[in-house]
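Peer 1: This is the structure I have questions about; it appears just below.
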Amino acid sequence: MTTVTIEKLADTVGAQVSGVDRERLLEDRGFPEWCLETLDANGALVFRDLHLDDETQVAFSERLGTVELVGTGDRPEIFRVTLDPEKNPVAEYLRGTFDWHIDGATDDIPIMATLLSAHAVAPVGGETEFASTYAAYDDLSLDEKERCRTLRVVHTFEAAQRLVNPDPEPKELAWWRRRPAKTHPLVWRHRSGRRSLVLGATADHVEGMDIEEGRALLDELLHRSTRPDRVYRHEWEVGDLVIWDNRGVLHRACKYDASSPRDMHRTTIAGDEAIR
């Protein structure tokens with residue numbers, strides 16, 4: 001097999017991995033452990049020109065951990081990220097991915113990692129941006145760390161959807177509210193000893209704090225976490241695979257036309273580490 005090399009793409013998040021092909025993904029015994037360790041160190045990993053079919057993507061995902069089932073049919077592990085409702089019946093709700101978020105913030109345990117492969121790309125827009133909330137926490141002053149350590153934040157699906165649809169019809173609002181709110185600490189203390197901030201579109205308000213004051217704090221932290229010099233923007237090419245650490249990396253899609261052919265196939269690795 002060829003030698004695997006990595007190249008940093010930004011100061012705080014992102015690295016491109018070269019020397020990987022389908023054989024290594026599926027047969028190299030040491031590669032899954034190496035991949036997870038490298039992901040932990042870099043937050044997001046970019047693999048160019050892999051052109052994975054769904055079977056290969058699922059098989060590799062299973063080598064990294066427990067793959068979540070998100071649909072029905074032959075490949076229930078695959079979720080298609082597209083604004084075409086014929087390809088994804090909940091496509092309209094994916095407009096919420098245009099804002100910074102972590103996946104599963106309204107769950108008890110967010111997913112551990114996401115794998116996204118490009119089957120078709122948008123001619124304009126559709127890039128994906130990443131920002132490390134490990135780095136964001138590390139950048140806080142000692143006083144800020146002490147203040148944030150005790151804060152708890154209420155996350156809702158509604159908060160994310162209101163960013164793209166601030167005046168919903170009652171029926172739609174009721175549908176959003178079917179998913180219960182979830183309260184998490186603002187600071188995620190990981191088993192490894194690292195800490196990250198739990199921020200993003202689902203963060204509605206800070207528990208026990210004036211609503212507007214709490215939202216202002218969350219907005220400030222998000223703004224600082226996603227300053228341009230802290231962001232890696234991935235410009236997709238067909239055949240790319242990107243993996244990111246959902247526990248400490250925010251992401252968002254850049255806007256693109258709903259009629260675009262953009263079609264990403266996503267698998268997610270179940271988390272085993274509650275926010276605490």
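The values are calculated or read from the model by the stated rules, or taken from the named source; none is laboratory data. Because the structure is predicted, anything quoted here is derived from the model rather than measured. When we count neighbours, we look across all protein chains shown, and the Cβ atoms used for this are built from the backbone with ideal geometry, even at glycine. Side chains are part of the model used for accessible areas, which takes the heavy atoms of the whole protein and leaves out ligands, DNA and RNA. Shrake-Rupley method; radii C 1.70, N 1.55, O 1.52, S 1.80 Å.
Peer 1: Where the second residue is of a type in the set (Ser, Thr, Tyr) and part of a loop (DSSP other than H, G, I, E, B) and the first is closer than 13 Å to TRP188 by Cβ and lies in the range 100-113, which pairs have Cβ atoms under 9 Å and are six or more apart or on separate chains?
Peer 2: What qualifies is ILE102/THR202; ALA105/THR202; MET112/THR66.
Peer 1: Have a look at GLU86, GLU77, GLU7, GLU92 and point out the one that is open to solvent by 70 Å² or more (accessible area, probe 1.4 Å), of a type in the set (Asp, Glu) and modelled with pLDDT of 95 or more.
Peer 2: It is GLU7.
Peer 1: Here are some conditions: (1) farther than 23 Å from ARG276 by Cα; (2) open to solvent by 40 Å² or more (accessible area, probe 1.4 Å). GLY126 meets all but one. Which one does it not meet?
Peer 2: Single failed check for GLY126: (2).
Peer 1: Please go through the range 30-58 and give me each residue that is under 17 Å from the mean Cα position of the chain (by Cα), part of a loop (DSSP other than H, G, I, E, B) and of a type in the set (A, V, I, L, M), ordered by number.
Peer 2: Residues satisfying the conditions do not exist here.
Peer 1: For the condition open to solvent by 30 Å² or more (accessible area, probe 1.4 Å), out of contact with any strand residue (DSSP E or B) (no Cβ under 6 Å at 6 or more places or on another chain) and part of a loop (DSSP other than H, G, I, E, B), what is the one hit in ASP107, ASP143?
Peer 2: Only one candidate qualifies: ASP107.
Peer 1: While we're here: Filter the range 69-114 down to residues that are within 28 Å of VAL154 (Cβ to Cβ) and hydroxyl-bearing (Ser, Thr, Tyr), then give me how many there are.
Peer 2: 4
Peer 1: For the range 95-104, which residues satisfy the criterion of being closer than 14 Å to LEU250 by Cβ and either modelled with pLDDT of 90 or more or open to solvent by 20 Å² or more (accessible area, probe 1.4 Å) (or both)?
Peer 2: THR97, PHE98, ASP99, TRP100, HIS101, ILE102, ASP103, GLY104
Peer 1: If you take the residues of the range 247-276 that are open to solvent by less than 30 Å² (accessible area, probe 1.4 Å) and among the acidic types (Asp, Glu), which of them is farthest from ARG189 (Cα to Cα)?
Peer 2: ASP263
Peer 1: Here's a follow-up. Filtering the range 47-74 down to residues that are of a type in the set (D, E, K, R) and in contact (Cβ under 8 Å) with a residue 24 or more places away in the chain, which residue is surrounded by the most Cβ atoms within 10 Å (Cβ to Cβ)?
Peer 2: Among those residues, the one meeting the criterion is GLU68.
Peer 1: Is it the case that the range 182-189 has a residue that's hydroxyl-bearing (Ser, Thr, Tyr) and part of a loop (DSSP other than H, G, I, E, B)?
Peer 2: The answer is no; no qualifying residue exists.
Peer 1: Say we look at the range 146-180 and pick out the residues that are touching an Asp or Glu at 6+ places or on another chain (Cβ under 9 Å) and in a loop (DSSP other than H, G, I, E, B); which of these is surrounded by the most Cβ atoms within 10 Å (Cβ to Cβ)?
Peer 2: For the range 146-180, the residue satisfying everything is THR156.
Peer 1: Does any residue in the range 191-220 that is in a strand (DSSP E or B) come within less than 6 Å, Cβ to Cβ, of a residue that is crowded, with 21+ Cβ neighbours inside 10 Å and aromatic (Phe, Trp, Tyr) six or more places away or on a different chain, and which pairs are these?
Peer 2: Note: pairs meeting the criteria are ARG195/TYR137; SER196/TYR134; SER196/TYR137; SER196/TRP188; LEU197/TYR137.
Peer 1: So in the range 175-230, with the set limited to residues that are in contact with a Lys or Arg (Cβ under 9 Å, 6 or more places away or on another chain) and among the polar types (S, T, N, Q), which one is farthest from PHE130 (Cα to Cα)?
Peer 2: THR183
Peer 1: Scan the range 211-227 and give yes if some residue there is small (Gly, Ala, Ser) and over 17 Å from SER141 (Cα atoms), otherwise no.
Peer 2: So far as the range 211-227 goes, yes, one or more of its residues are small (Gly, Ala, Ser) and over 17 Å from SER141 (Cα atoms).
Peer 1: Same structure, new question: Is there a residue being assigned to a helix (DSSP H, G or I), in contact with an Asp or Glu (Cβ under 8 Å, 6 or more places away or on another chain) and open to solvent by 30 Å² or more (accessible area, probe 1.4 Å) anywhere in the range 233-246?
Peer 2: no
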